[in-house]
Amino acid sequence: MSSLRLSIIVAMTADNGIGFKNSLPWSLPNELRNFAKLTKNCKDKSKQNAVVMGRNTWESIPAQHRPLKDRLNVVLSSTLKDAGEGVLVCPRLKDALTLLEENYQNKIENVWIIGGARVYEDALNLSNCHKLHVTHIQEKPECDVFFPTIPRDFQIITTSEMVEENGFHYNYQVYERRTSPDGEANGIEDSTKS
């Protein structure tokens with residue numbers, strides 16, 4: 001198990017939609033600026049952050065914006081062999097985290113999981129996934145890819161004011177995984193225990 005702490009960042013609709021036909025079904029430039037700011041920001045200026053994504057997410061980024069600047073880009077794919085200079089390709093999230101921990105731990109400050117649905121689901125199941133940065137879009141544009149249900153062991157720690165942009169209303173929420181006194185993440189309570 002990797003000791004790297006993971007954060008998820010996602011924009012999703014009121015019904016957890018995150019994409020349509022391998023693109024975003026909304027145009028929210030300010031929200032994208034927030035994404036860039038969060039995923040680039042490091043307290044230690046000698047380090048950078050890693051952004052981990054599935055192949056479809058990688059391919060949904062316009063070619064002129066790949067790789068995402070000022071971040072170590074990691075693409076998860078069992079078929080993609082080379083995504084270009086400065087981009088790591090790993091078959092699974094577990095392999096990517098092992099590679100980052102073994103070869104980049106002194107160079108990486110934060111690991112951001114940026115999509116898609118299967119990568120989000122895999123990350124949510126890891127105890128070292130400690131924060132979710134969610135843009136909640138109130139509308140329900142058509143989507144064909146969805147974010148998994150947020151596990152009950154995540155609680156909201158901050159909520160922003162509602163913002164309107166290009167006909168969409170959204171706010172930002174940060175969730176943090178609750179932990180027990182021994183530092184282990186609490187799972188869903190077992191109702192069979194007395």
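Below are the figures for this structure:
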item	result
Tally of residues being outside any strand (DSSP E or B), touching a helix residue (DSSP H, G or I) at 6+ places or on another chain (Cβ under 8 Å) and within 21 Å of E121 (Cβ to Cβ) across the range 70-91	3
G183, sole failed condition from (1) at pLDDT 95 or above; (2) part of a loop (DSSP other than H, G, I, E, B)	(1)
Members of the range 149-160 that are crowded, with 16+ Cβ neighbours inside 10 Å and part of a loop (DSSP other than H, G, I, E, B)	I150, P151, D153
Answer residue from the range 1-25, given it is aliphatic (A, V, I, L, M) and in a strand (DSSP E or B) and is farthest from H169 (Cα to Cα) among those	L6
Residue, nearest to H136 (Cα to Cα), within the range 27-49, restricted to residues that are of a type outside the set (A, V, I, L, M), touching a strand residue (DSSP E or B) at 6+ places or on another chain (Cβ under 8 Å) and part of a loop (DSSP other than H, G, I, E, B)	N41
Selection from the range 29-46 of residues that are closer than 22 Å to K107 by Cβ, surrounded by fewer than 11 Cβ atoms within 10 Å (Cβ to Cβ) and either among the polar types (S, T, N, Q) or under 18 Å from the mean Cα position of the chain (by Cα) (or both)	K37, S46
Among residues of the range 47-57, those that are of a type outside the set (S, T, Y), closer than 16 Å to D82 by Cα and within 13 Å of the chain's Cα centre (by Cα), counted	3
Sole residue being surrounded by 15 or more Cβ atoms within 10 Å (Cβ to Cβ), modelled with pLDDT of 95 or more, more than 21 Å from E142 (Cα to Cα) and not small (G, A, S), chosen from V52, V10	V52
Residue within the range 88-111 that is buried (at least 16 other Cβ atoms within 10 Å of the Cβ), of a type outside the set (F, W, Y) and under 20 Å from W26 (Cα atoms) present	no
Residue list for the range 157-173, restricted to those being under 19 Å from L28 (Cα atoms) and aliphatic (A, V, I, L, M)	M162, V163
Selection from the range 55-91 of residues that are touching a residue at least 24 places away in the same chain (Cβ under 8 Å) and over 18 Å from K40 (Cβ atoms)	R55, N56, E59, S60, L76, T79, L80, A83
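The values are calculated or read from the model by the stated rules, or taken from the named source; none is laboratory data. On a predicted model such as this, the values are computed, not experimentally measured, just so you know. In this analysis, Cβ positions are derived from the backbone assuming ideal geometry, glycine residues included, and neighbour counts consider all displayed protein chains.
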